[in-house]
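So the structure is just underneath, and the comments pick up after that.
Please treat every number below as a calculation from the coordinates, not as lab data. Given the structure is predicted, the values throughout are model-derived calculations rather than measurements. A quick note on method: Cβ atoms are made from the backbone with ideal geometry, for glycine too, and the neighbour counts reach across all protein chains shown.
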Amino acid sequence: MKLITIMILFTFVNSFSQTFLFENEIGRFTSASSFSINSAGFIYVTDISKNEVLKLDRKGKVLKSVGGFGWGNESFDNPIDVNANMLNVYVTDHNNNRIQFFDKDLNFLFEFNSKNIENNRYAFAYPKSCVVSNQGDMFVLDGDNQRILKFNTKGNFVSEIGNTDSGEYALDNPKKLAISNDGKLFVSDGQMVKVFDYFGTGIIKINSELKNANLNVSGFILTINDNNKIKLLDLLKGDNKFVEFIPKESDEDIVSSIAINNYLYVLTPTCILIYSYKN
C-alpha cells in the first residue's frame, strides 16, 4: 500500500508539472531580491544592487522607480523584501532597520521603525520581511531576534510570535514571512514552513525539504523555492502535497516565485519568467 501511495503521488507531481507552459519573460534588473503582485496585476520588484523599488505593468514596462542608497525617505540600504496590496506597498529596508510605506504609485507615505515602539523589549533590528493583513495589522519578521512582531493599525505593539517560548514553533533561522487571505502566517524556517493563526498560535509545520527557501502566498496558493526548484501547495486541499516545478528557460538562480490566476511568476536576479498552468 505504501508503494502504491508513493506511485500515485509521483504520477500526480509529474502530470501537473507537465502543464506548465512558458509564456513570456519581462523586466530587466541587476540583482532583484524580492517581488510582489497586487490584485490589479501590478508588479513591484526590489533591486538590491541599485537599492531601488520598481513598479511594472503586466508587460514588464517600468511605470516608476524610487530609491538609491541612503537613509532618508525613498532611499534604501538593502531593500530585502516588498509586499503590496491594492492601496499600499511595504518595503523592508533591512540595514536601515525600518519598514517604508508607499502608496500603490510608489509615493512615500511614512516609515516605521523601533523609534516608534515605547517598550525596547519589542524593538526590532535588521527586519527580513513584513506583511500587512486585510484588517491592517502589521507583522514584522525581526531578523535580530528571530521572531515575528505584530502591531495594530496605530503602530502599537500587540504580540510576539515564534519566540523562544513557542516550543516546537519557535523560529530558528527564519527567512521570509507571508500571509494568506484568511489571516494565517507562513514562515520559511530552514526546511520547515511554520504556520501560525492570526493570533500567533502555531497550528502546523510543513516540511518543504528545501533549504534556505523563499516563500509567498497569493490567494490560497503557497509557493516555496530554493535556487533551482519551485514547489506549489494548494492550501484549500489541506493534504500538504507539493507540486514540483523546475524552470528550464534560464540558467540563473530562482530568487522568488508567485502563483496567481493560473500563472506562475518566477523571479531571477535579472528578469521575471511567466508560465501558465492548469491544476
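Can you compute the charge dipole magnitude of the chain about its Cα centre, using +1 on each Lys and Arg Cβ and -1 on each Asp and Glu Cβ, nothing else charged? Give it in debye, rounded to the nearest 20. Don't jump to the answer; show the numbers that get you there.
Working: 28 positive and 32 negative charges, 89 e Å.
For the chain, the charge dipole is close to 420 debye.
Could you size up the charge dipole of segment 68-151 around its Cα centre, putting +1 on the beta carbon of Lys and Arg and -1 on that of Asp and Glu, and report it in debye to the nearest 20? Please report the intermediate quantities before stating the final value.
Numbers: 7 positive and 11 negative charges, 55 e Å.
In total the dipole reaches around 260 debye.
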Full extension from Asp253 to Gln135: what is 0.36 nm times the residue separation minus their Cα-Cα distance, to one decimal in nm? 39.0 nm
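If you stretched the chain out fully between Phe157 and Asn85, how much longer would it get, using 0.36 nm times the residue separation minus the C-alpha to C-alpha distance? Intermediate results must be reported in sequence, preceding the final value.
Working: separation 72, 0.36 × 72 = 25.92 nm, distance 2.21 nm.
Taking Phe157 through Asn85 to full extension adds about 23.7 nm, to one decimal.
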Any idea how far apart Glu209 and Arg28 come out in nm if each label point goes 7 Å out from Cα toward Cβ? 4.0 nm
Stick to the Cα atoms of the chain, pair each with every other, and give me the Kirkwood hydrodynamic radius in Å at one decimal. 19.0 Å
Kindly rank 41-47, 250-256, 81-87 from highest to lowest mean number of other beta carbons found within 10 Å of each residue. 41-47, 81-87, 250-256
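Order the peptides 102-115, 265-278 from the highest to the lowest mean number of other Cβ atoms within 10 Å of their residues.
Numbers: 102-115: 15.0, 265-278: 19.6.
With the highest mean Cβ count within 10 Å placed first, the list reads 265-278, 102-115.
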Förster radius 41 Å - calculated FRET efficiency between Asp144 and Arg58 (Cβ-Cβ, nearest 0.05): 0.65
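Once the other residues with Cβ under 13 Å from the Cβ of Leu21 are scored (Lys, Arg +1; Asp, Glu -1), what is the net sum? Walk me through the intermediate numbers first.
Working: positive: Lys248, Lys278; negative: Glu23, Glu249.
Net charge around Leu21: 0.
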Using a basic spin-label model with each label point 7 Å from the Cα along Cα→Cβ, how many nm lie between Ile260 and Thr201? 3.2 nm
Taking Cα atoms only, Rg over Rh for segment 36-116 with Rh from the Kirkwood formula is 0.95
Rounded to the nearest 0.05, FRET efficiency between Arg121 and Asp172 (Cβ-Cβ, R0 25 Å) equals 0.75
Could you work out how far apart the two model spin labels at Ile246 and Thr270 are, taking each label as a point 7 Å from the Cα in the direction of the beta carbon, and quote it in nm? 2.2 nm
Rounded, prolate or oblate: which one fits segment 172-279, using the alpha carbon gyration tensor with axes a ≥ b ≥ c (rounded when a/c is under 1.5, else prolate when a/b beats b/c, else oblate)? prolate
Counting helices only, and only those DSSP H runs with n ≥ 4, report the 222 nm mean residue ellipticity of the chain as the sum of -39,500 (n - 2.57) divided by its residues, in deg cm²/dmol to the nearest 500. -2000 deg cm²/dmol
